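Structure record follows, encoded as structure tokens.
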Amino acid sequence: MAARNIEVILRADIEGLGQKYDIVRVRPGYAWNYLLPQGLAELATDGAKRHLAAHLRQIANKLAQEKAAAEQLAASMSSLRLQLPMLAGKEGRLFGAVTPQHIVNALSEHGYTIERRQVHFPVPIRALGDYIVQIRLHREVIVNVPLEVVPAEKGAS
């Protein structure tokens, strides 16, 4: 007999599961062994659901401000074009792959501070060329940033 799913309230955005403050059903092992100990969720008891509803009413304005700030940042990033030098072989294949940390470092050179978890690649980047990188600034605000992967200069690190 399979165990029944349990309801939890997410305390953080979790890729493929839900957004912060969502009530989701998960398998008990996932909840008890990962989500709850990591502080990523809490059990969705009746009291916790009532508290969440009151809390959401209080923070609705804050969430609207966060979205507005994300939209403003997206507008300033919309004209950005990143160029990333990477070591590559003669055929244009990279030695390794472009990682979210590469994008975070490139954006910081332009004065933007984001986290690695906000960077998403529609396709893995393992060759020189032009790509589009998604930066998720908010659950409803995603900006596509053009990325040109170019060969690194000899002797550069």
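The values are calculated or read from the model by the stated rules, or taken from the named source; none is laboratory data. Remember, predicted model here, so these are calculated numbers, not experimental data. Methodologically, a virtual Cβ is constructed for each residue, glycine included, from the backbone with ideal geometry; neighbour enumeration extends over all protein chains shown.
Among the residues of segment 120-129, just one is more than 16 Å from residue 96 (Cβ to Cβ) and surrounded by 13 or more Cβ atoms within 10 Å (Cβ to Cβ), namely 120.
Criterion first (surrounded by 11 or more Cβ atoms within 10 Å (Cβ to Cβ), touching a residue at least 24 places away in the same chain (Cβ under 8 Å) and within 29 Å of residue 134 (Cβ to Cβ)) does residue 12 satisfy it? Yes, satisfied.
Scanning segment 125-157 for residues that are acidic (Asp, Glu), part of a loop (DSSP other than H, G, I, E, B) and either closer than 30 Å to residue 68 by Cβ or modelled with pLDDT of 90 or more (or both) yields a single hit, 140. Considering only residues in segment 36-58 that are hydrophobic (A, V, I, L, M, F, W, C) and more than 20 Å from residue 118 (Cα to Cα), the one that is surrounded by the most Cβ atoms within 10 Å (Cβ to Cβ) turns out to be 44. Residue pairs whose Cβ atoms lie under 9 Å apart, separated by 6 or more positions or on different chains, with the first residue in segment 126-139 and in contact (Cβ under 8 Å) with a residue 24 or more places away in the chain and outside the structural domain of residue 87 (by TED's automatic domain parsing) and the second among the aliphatic types (A, V, I, L, M) and part of a strand (DSSP E or B), do not occur. For residue 82, are the conditions met, namely being in contact with a Pro (Cβ under 8 Å, 6 or more places away or on another chain) and touching a residue at least 60 places away in the same chain (Cβ under 8 Å)? Yes. In segment 1-90, counting only strands (runs of 3 or more DSSP E) that sit wholly within it, the ones holding 2 or more residues that are under 21 Å from residue 120 (Cα atoms) span 82-86.
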